[in-house]
Structure formats: structure tokens, C-alpha cells
Amino acid sequence: MYDMFEFVICCGGESTRNYPQSKGLPHKALLPFGDKRIIDYTLEHIVQIGGKHVTIVCSNQTVVEAMQYALRTDRQTEEKLRQKGKGQIADVLASTFLPDDMDIKYIVQPEPLGTAHVLACVAPILNGRHVVLIFPDDIIWTQKGATPYLKRIMDEFMKNPKRALLAGVEKQDARDYGILVNNRLVEKSPTPANNFAVYTPIIMCQEMIEFLLKQQDEKIAWARKTHKEWLYVDVINDFLDVYESNGFKVEMLMIGPEDSLLDTGNLALYEQCLLRMLLTESVFVKENQEVVNSLR
């Protein structure tokens, strides 16, 4: 159903906002998150809705190799755990294995030139697919029994693919976030016009990616010269400056009451989300809660 989409997971950067816990790790997406790791939940949501085409963009080959090792199917260890009577842990391990028919690729972004440059690195392998841009430290968690947010935003996009569709979260103060104003994106306004902050997933139609490729030489040269980043926001706004009259637009789908944003983007936020996962989603919920109760 979602064969016309490429899920692009950004795993670049040095993860310094999560230091010291992420120090020494290839990327913070490999940080523990409940029983699993952050990247496991990102991929789990894609697998859950039947997504097939995934590209993980890394800052260097060392990160690529670490991701490949972390995500490899390890049936031998799973079987050893079962033989030792550790079936619960074996089940958790097995839940991180990716389906055999998933098309997962790894690409190196050779220079940290921004999120639009990430998309330019991926564009040659898209084969006309729309892009779903995901930052793994943005996790939108949907209550059990409800339609996953990722499926809802994908289905909403398919109703009208002539657009960019962004995840939206209401914040008390949106000054540190992108917001949507008059069919354009505004990054980190000191006086935001609203409190609806942009998060990922961000779906961009294939026409925007084609437009990006026409801009890339000029924009990459600009980024190198100015030491600034070329951002997905720039691509969307520049595209709309040219093609808005053709019916293209940018819109936001707000998370619902059944959803929770688990933002692991810095150390404090990560620890809060980690506690939540340990106390609500772990196979050791009972034991973890007993420990918390003993500290009161």
C-alpha cells in the first residue's frame, strides 16, 4: 500500500545534546529505550503499517556499520536465550528483527550540510517515490487499539499528494520550533504566530524532491561558503514560491488525544521518556514499578 514512499531516517550528527549518555555511541538512535533502542521503535512503526522502503542516512561509514550490526537478524542468540529459559528476553530480541522483504539501505552524508542535503543524498535511489523524513528522536506513540499516527498521516497525504504534510504538536512556547504560517514554514521565530510546532514524520511529494535536485549545486555551494545548513524548510518554501499557484501546499496533521510525543532530543527529555517506557512498555513493568515504589 505504501510502496510509493521512501522512509528516510536521519542518523547524522554527533548526538551531543544527549551527552554523556550518547558519548561513545555511533548515534543516539542506539540509546536504550525501554527494553529496546530508539531506532527499534522508529522501524517498528514503519513495519507496523507495512512500509517497505527505508533509507538510514549516517554521518560516516562507522555509523553505517554500527547500524547494520545493531539491526542484523541474530537467530542464533535468540535460540540460545530460549534454550536457557529466557524466552521473555528472546521475544524482545526477536521483535527487533526486520522482515526479510524490507528494502533497507544505508547512505553516508559526507558533509553536515543540513536536512535538504540529506534528501539530495537519497534522491538518486528514490525511483519517483515520495519521501517520509523521520528524525528518530521524535517518537509519536499511539495508544494500543488506536490507528497509529504514522498510518494516519500517510493516509491523509494520499488523499492529496500535491503537498508537504507535517506532524504537528501544540506547545506552550513554539519559539524553538518550526511553525506553519500562511502556507510557508517559519523556523524558530522569536514571536511565533501560533503554538503548533513541526515534528517528524514530514512527508514531501516527489515533485519537491525533483525541485530540490535542480537546486542542489547552487545550494550546496552556498552552504559550504556560508557555513550554514540547507534545510528541508528551505526546499518546501522555495518550491511553493514557484508552484503554489499550481495547487501545491504545506499542511500539518496534529497529533490526537490518543497520541503522545516522546521527544528524546536532549538528555533531560530522553531520561523522562526512558522512565516512561520502563514503567509502561517494558516486559519488566511490574518489577520496575516495584523498584520505584520502594524509593518513595
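A few notes on this one:
- Of all residues in region 109-130, those satisfying the criterion of being in contact with a helix residue (DSSP H, G or I) (Cβ under 6 Å, 6 or more places away or on another chain) and not in a helix (DSSP H, G or I) are Gln109, Leu113, Gly128, His130.
- Some residue of region 174-189 being free of Cβ contacts under 8 Å to residues at least 40 places away in the same chain and over 24 Å from the mean Cα position of the chain (by Cα): yes
- Unmet requirement for Glu79, which otherwise passes all of (1) out of contact with any strand residue (DSSP E or B) (no Cβ under 9 Å at 6 or more places or on another chain); (2) within 30 Å of Gln215 (Cβ to Cβ); (3) of a type outside the set (Val, Ile, Thr): (2)
- Residue list for region 272-287, restricted to those being part of a helix (DSSP H, G or I) and either touching a residue at least 60 places away in the same chain (Cβ under 8 Å) or under 16 Å from the mean Cα position of the chain (by Cα) (or both): Cys273, Leu274, Met277, Leu278
- Here Gly51 clears all of (1) assigned to a helix (DSSP H, G or I); (2) in contact with a Phe, Trp or Tyr (Cβ under 7 Å, 6 or more places away or on another chain); (3) small (Gly, Ala, Ser) except the condition numbered (1).
- Within region 84-98, being assigned to a loop (DSSP other than H, G, I, E, B) and surrounded by 12 or more Cβ atoms within 10 Å (Cβ to Cβ) holds for Lys86, Thr96, Phe97, Leu98.
- Meets criteria (of a type outside the set (Val, Ile, Thr) and surrounded by 15 or more Cβ atoms within 10 Å (Cβ to Cβ)) for Met208: yes
- Scanning region 74-95 for residues that are touching a residue at least 12 places away in the same chain (Cβ under 8 Å) and polar (S, T, N, Q) yields Thr77, Gln88, Ser95.
- Test: residue in region 21-40 that is assigned to a strand (DSSP E or B), of a type outside the set (Gly, Ala, Ser), closer than 20 Å to Cys121 by Cα and touching a strand residue (DSSP E or B) at 6+ places or on another chain (Cβ under 8 Å): no
- For Trp230: the one exception among (1) within 20 Å of Val132 (Cα to Cα); (2) of a type outside the set (Val, Ile, Thr); (3) not in a loop (DSSP other than H, G, I, E, B): (3)
- Residue that is surrounded by the most Cβ atoms within 10 Å (Cβ to Cβ) [pool: residues in region 239-271 that are over 23 Å from the mean Cα position of the chain (by Cα) and assigned to a helix (DSSP H, G or I)]: Leu240
Read the figures in this text as sums done on the coordinates, not as results from a lab. Everything numeric here is computed off the predicted structure, so don't read it as measured data. Backbone-built Cβ (ideal geometry, glycine too); neighbour counts: all protein chains shown.
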